[in-house]
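S.K.: My questions all concern the structure below.
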Amino acid sequence: MATFVDNYPDEAKVVQASFAVAFVALGIGALFGLIQALHRTNVLRVIDSVDYYTLLTAHGVLLALVFTIFFLVGLFTWAVTRSFDRPLPDIRLTWAWFGLMTTGTVLATVAIVAGLFPEIPMSADVLYTFYAPLQAHPIFYIGLAMFIIGTWMAGADWFLTYRGWRGENPDSRIPLQAFMVLTTMIMWYVSTLGVAVSVVFFLIPWSLGLIETVNPLLTRTLFWYFGHPVVYFWLMPAYLLWYTVLPKLSGGRLFSDPLARVVFVLFVLLSTPVGIHHQYVDPGIAEGFKFIAMTNTMFLLLPSLLTAFTVVASVEHGARQRGGEGYLSWLGALPWRDPAFAGMALAGLMFAAGGFSGMINAGMNINYLVHNTLWVPGHFHMTVGTAVALTMMAGTYWLLPQLTGKAVYSRPIGLLQVILWFIGMVFMSNAMHRAGLFGVPRRTAEPQYQNFDFAAAVGSVGEIRMQIAFGGLLLFLSVVLFLFNVAATWADDRVDTPVDDTIPEPLSPSSGAPLVLDNLALWTGIAVLLVVLAYTLPLASIVNDAGLLGSSPGF
Ligand code: HAS
Ligand code: HEM
Ligand code: CU
């Protein structure tokens, strides 16, 4: 049976190169995560507390931006190529965006890590949210800009493939995976505009000394204009796998293709006009605008709730095909020994919990309780740190054989790895949520709370700290096993096992989807309109209050 690498050897190389960069970032980021977890719980201190922010910045950038997005560009390249069943228009363009993204990543990482060496006059301890008044070395922002331009070029590459395909198939429905890629990229183009303006017009000139001051609230608002949609940019690759691969792994088919299209369209429309829900406590933005952001956020729950319904229904259908019965006992009929299935299903399960903590964040009044506490890292280690990261690792076990022509080195190690991740995250995230409710702040190396003490064990902050440290250790071990398994697969020189990489038609196929769903220009237009409505007045009032260039020097 011919597989992806036989049909598209050039594209398979790009996908693997993107995964390789993603996995290097995952390894370094996870090491820093472990150091942080042990440091701030006072279990083991191998760094000086002043270096905490350097590591925290590197952890956030390498995991949340580099690992996730490099995996995304690899996965999307695979999805576009296989679902249109044609090569990319010009592989040199493909390597060009890969090269630009990689160079940008290296520059930004060097600028951050240089902060550990006082003799080098360069640092970027600005955290992965990098808004003013924290100021980084220009190389950091320039690296970020290159990285983002690289993703724009990648999107252009996939849209060009679409154009080529459309020319030959004027009347066909856009294949589902390609539809998911194209809608995600529309969202990305709309939302990266905010961060591009912030970096190019304010942060780069400011860090170069061309302008003296900036308006911090303006750069914050432009950041969060991008900072919320970016979480769906991380999530959409996971959704692509949950919709198109997970049902097949479960032994069945996707429940509904049209419903999947509706979900992705809703993300195009609603992902961006909600960013202000990260700024509920920012002075200088009127309550009314915050209320609008909250309302939009609550509407934005809909596509994820639809996903929970569709994906679970598809998985259940698969289980019944395998002989599963009963209200819940069908769960036992699922292929739990398959690391790709088990990892994605556990990731989905944890996303249900992470989604609920997101709903709590989104309520303006409850947000005041949890904002800037460890509750928030608890929330996002379940969402980006598990729903996304674990799905990507699990997906790798299914994708690698198609990309290399070789079986995964060890499926038992794979299974152990995904289970370890889930257990580690149950400990770490749950404890972080609880710590947040006690008021323990995020982003600090020195929370002054009690250490672990057997006398006051259960329910104490000391106990919570132990759970964070223990969970962090399991997570780190899980990453080590994952990287070992992938590296061993790559290093192995067997050529074997034809793989079954087909994806069956959904139960309710694309032919039933209303044509308007494929009208990408229409959805782009409405998305832009909603953004204009949600952001014009807040931005105008921010500029009106403190001026375009504000009065803040860098810190
Ligand atoms: Fe969030 C803060 C609200 C989703 C990431 N979020 C963050 C930050 C990050 C982040 C990184 O409103 C911190 C930023 C910083 O550093 O300051 N978030 C939400 C809401 C959602 C949400 C309403 N977040 C995400 C996702 C993320 C992510 C997704 C990354 C990928 N978040 C907030 C708010 C804040 C925030 C406030 C600011 C907090 C503050 O004060 O700073 C929603 O999109 C969630 C919807 C999800 C659901 C769950 C559906 C369940 C599904 C499971 C299906 C099951 C399967 C299993 C597949 C409703 C789909 C099948 C298997 C079987 C065996 C059956
Ligand atoms: C922050 C640990 C994996 C994304 C943190 C913090 C800890 C931690 C303890 C909180 C630091 C603080 O607020 O003081 C770990 C461990 C991991 C891991 C032990 C596994 C080995 C991940 C993954 C992602 C991720 C896979 C995303 C894909 C983040 C982000 C922050 C963070 C975005 C916030 C950085 C900031 O506040 O600027 N991590 N993490 N982490 N982590 Fe992780
Ligand atoms: Cu958000």
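S.K.: Could you grab me the full set of residues in segment 404-433 that are of a type in the set (A, V, I, L, M) and either under 15 Å from the mean Cα position of the chain (by Cα) or outside any helix (DSSP H, G or I) (or both)?
M.R.: Here is the first cut: in segment 404-433, the ones of a type in the set (A, V, I, L, M) are 407-408, 413, 415-416, 418-420, 423, 425-426, 428, 431-432.
Result: ALA407, VAL408.
S.K.: If you scan segment 194-221, which residues turn out to be touching a residue at least 12 places away in the same chain (Cβ under 8 Å), farther than 27 Å from ALA389 by Cβ and among the hydrophobic types (A, V, I, L, M, F, W, C)?
M.R.: First, the residues of segment 194-221 that are touching a residue at least 12 places away in the same chain (Cβ under 8 Å): 194-200, 202-204, 206-208, 211-221.
Narrowing further to those that are farther than 27 Å from ALA389 by Cβ: 197, 200, 202-204, 206-208, 211-219, 221.
Within segment 194-221, VAL197, VAL200, PHE202, LEU203, ILE204, TRP206, LEU208, ILE211, VAL214, LEU217, LEU218 meet the criteria.
S.K.: Being open to solvent by 10 Å² or more (accessible area, probe 1.4 Å), among the acidic types (Asp, Glu) and in a helix (DSSP H, G or I), is that true of even one residue in segment 287-307?
M.R.: Among the residues of segment 287-307, at least one is open to solvent by 10 Å² or more (accessible area, probe 1.4 Å), among the acidic types (Asp, Glu) and in a helix (DSSP H, G or I), which makes the answer yes.
S.K.: Among (1) within 15 Å of ligand 2 (Cβ to nearest atom); (2) farther than 17 Å from ALA124 by Cβ; (3) β-branched (Val, Ile, Thr); (4) modelled with pLDDT of 95 or more, where does THR57 come up short?
M.R.: With (1) within 15 Å of ligand 2 (Cβ to nearest atom); (2) farther than 17 Å from ALA124 by Cβ; (3) β-branched (Val, Ile, Thr); (4) modelled with pLDDT of 95 or more applied to THR57, the lone miss is (2).
S.K.: Next question, about the same structure. Only one of these is more than 16 Å from ligand 1 (Cβ to nearest atom), surrounded by fewer than 19 Cβ atoms within 10 Å (Cβ to Cβ) and closer than 18 Å to TRP188 by Cβ: ILE120, ILE149, ILE139, ILE91. Name it. Let's see the steps before the verdict.
M.R.: Numbers: ILE120 fails: closer than 18 Å to TRP188 by Cβ; ILE139 fails: closer than 18 Å to TRP188 by Cβ; ILE91 fails: closer than 18 Å to TRP188 by Cβ.
None of the other options fit; the residue is ILE149.
S.K.: Checking the condition part of a helix (DSSP H, G or I) and either within 14 Å of ligand 1 (Cβ to nearest atom) or open to solvent by 20 Å² or more (accessible area, probe 1.4 Å) (or both), which residue from MET180, MET187 passes?
M.R.: On the way: MET180 fails: either within 14 Å of ligand 1 (Cβ to nearest atom) or open to solvent by 20 Å² or more (accessible area, probe 1.4 Å) (or both).
Answer to the selection: MET187.
S.K.: I'd like the full set of residues that are of a type in the set (Val, Ile, Thr) and surrounded by 21 or more Cβ atoms within 10 Å (Cβ to Cβ), limited to segment 264-284.
M.R.: Of segment 264-284, the ones of a type in the set (Val, Ile, Thr) are 265, 268, 272, 274, 276, 281.
Once the filter is applied, which keeps residues that are of a type in the set (Val, Ile, Thr) and surrounded by 21 or more Cβ atoms within 10 Å (Cβ to Cβ), segment 264-284 yields VAL265, VAL268, THR272, VAL274, ILE276.
S.K.: Suppose we filter segment 94-117 for residues that are in a helix (DSSP H, G or I) and open to solvent by 40 Å² or more (accessible area, probe 1.4 Å); how many remain? Explain how you work it out, then say what you get.
M.R.: Quick first cut of segment 94-117, residues in a helix (DSSP H, G or I) only: 94-116.
Imposing the further condition that a residue be open to solvent by 40 Å² or more (accessible area, probe 1.4 Å) reduces the set to 95-96, 100, 103, 106-107, 110, 113, 116.
The qualifying residues number 9.
S.K.: If you don't mind, another one. Go through the residues of segment 132-147 one by one and say whether even a single one is closer than 23 Å to LEU26 by Cα and touching a His at 6+ places or on another chain (Cβ under 7 Å).
M.R.: Scanning segment 132-147 turns up no residue that is closer than 23 Å to LEU26 by Cα and touching a His at 6+ places or on another chain (Cβ under 7 Å).
S.K.: Just a yes or no: is a residue in segment 349-361 surrounded by fewer than 23 Cβ atoms within 10 Å (Cβ to Cβ), more than 19 Å from the chain's Cα centre (by Cα) and over 16 Å from MET425 (Cα atoms)?
M.R.: yes
S.K.: Just to be sure, is THR272 within 13 Å of ligand 3 (Cβ to nearest atom), modelled with pLDDT under 95 and out of contact with any Lys or Arg (no Cβ under 7 Å at 6 or more places or on another chain)?
M.R.: Yes.
S.K.: Just checking, does segment 56-64 include any residue being within 16 Å of ligand 3 (Cβ to nearest atom), out of contact with any Ser or Thr (no Cβ under 6 Å at 6 or more places or on another chain) and within 20 Å of TRP421 (Cα to Cα)? Don't jump to the end; show me each part of the working.
M.R.: Applying the first criterion (within 16 Å of ligand 3 (Cβ to nearest atom)) to segment 56-64 yields 60, 64.
Pick out the ones that are also out of contact with any Ser or Thr (no Cβ under 6 Å at 6 or more places or on another chain) and you get 60, 64.
So of that shortlist, the ones also within 20 Å of TRP421 (Cα to Cα) come out as 60, 64.
Yes.
S.K.: Collect the residues in segment 340-369 that are within 13 Å of ligand 3 (Cβ to nearest atom) and under 19 Å from ALA64 (Cβ atoms), keeping them in residue-number order.
M.R.: GLY354, GLY355, SER357, GLY358, ASN361
S.K.: Kindly evaluate ALA353 against the criterion of being at pLDDT 95 or above and near ligand 1 (Cβ under 8 Å from one of its atoms).
M.R.: On the way: at pLDDT 95 or above: yes; near ligand 1 (Cβ under 8 Å from one of its atoms): no.
No, not satisfied.
S.K.: For segment 504-524, enumerate the residues that are assigned to a loop (DSSP other than H, G, I, E, B) and crowded, with 17+ Cβ neighbours inside 10 Å. Give the steps one after another, and end with the answer.
M.R.: First, the residues of segment 504-524 that are assigned to a loop (DSSP other than H, G, I, E, B): 504-507, 509, 513-514, 519.
Matches in segment 504-524: PRO506, ALA513.
Yes/no per residue for (1) farther than 25 Å from VAL181 by Cα; (2) at pLDDT 95 or above:
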residue	(1), (2)
VAL113	yes, yes
PRO121	yes, no
PRO138	yes, yes
GLY150	no, yes
MET153	no, yes
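S.K.: Would you please name the residue that is most open to solvent (accessible area, probe 1.4 Å), looking only at residues in segment 404-450 that are within 16 Å of ligand 1 (Cβ to nearest atom) and at positive phi?
M.R.: ARG443
S.K.: Can you spot a residue in segment 392-403 that is under 30 Å from ARG494 (Cβ atoms), more than 16 Å from ligand 3 (Cβ to nearest atom), outside any helix (DSSP H, G or I) and open to solvent by 10 Å² or more (accessible area, probe 1.4 Å)?
M.R.: Let us first name the residues in segment 392-403 that are under 30 Å from ARG494 (Cβ atoms), namely 392-403.
With the extra rule that they be more than 16 Å from ligand 3 (Cβ to nearest atom), the set shrinks to 392-403.
Going one step further and asking which of them are outside any helix (DSSP H, G or I), we end up with none.
No, segment 392-403 contains no residue that is under 30 Å from ARG494 (Cβ atoms), more than 16 Å from ligand 3 (Cβ to nearest atom), outside any helix (DSSP H, G or I) and open to solvent by 10 Å² or more (accessible area, probe 1.4 Å).
S.K.: Of everything in segment 199-224 that's within 16 Å of ligand 1 (Cβ to nearest atom) and not basic (Lys, Arg), which residue is surrounded by the fewest Cβ atoms within 10 Å (Cβ to Cβ)? I'd like the intermediate steps shown before the answer.
M.R.: Residues of segment 199-224 within 16 Å of ligand 1 (Cβ to nearest atom): 216-217, 219-224.
The next check asks that each one be not basic (Lys, Arg); those that pass are 216-217, 219, 221-224.
On the way: PRO216: 21, LEU217: 24, THR219: 27, THR221: 27, LEU222: 26, PHE223: 23, TRP224: 23.
In this case the residue turns out to be PRO216.
S.K.: Next question. Can you tell which of ALA196, ALA260 is open to solvent by less than 10 Å² (accessible area, probe 1.4 Å), of a type in the set (A, V, I, L, M) and either farther than 23 Å from SER541 by Cβ or more than 16 Å from ligand 2 (Cβ to nearest atom) (or both)? Write out each step before concluding.
M.R.: Details: ALA196 fails: open to solvent by less than 10 Å² (accessible area, probe 1.4 Å).
Testing whether each residue is open to solvent by less than 10 Å² (accessible area, probe 1.4 Å), of a type in the set (A, V, I, L, M) and either farther than 23 Å from SER541 by Cβ or more than 16 Å from ligand 2 (Cβ to nearest atom) (or both) leaves just ALA260.
The values are calculated or read from the model by the stated rules, or taken from the named source; none is laboratory data. Nothing here was measured: the structure is a model prediction, and the numbers come from that model. Note that we place each Cβ from the backbone using ideal geometry, even for glycine, and neighbour counts take in every protein chain shown. What goes into the accessible areas is simple: the full protein's heavy atoms, side chains included, and nothing from ligands, DNA or RNA. Shrake-Rupley method; radii C 1.70, N 1.55, O 1.52, S 1.80 Å.
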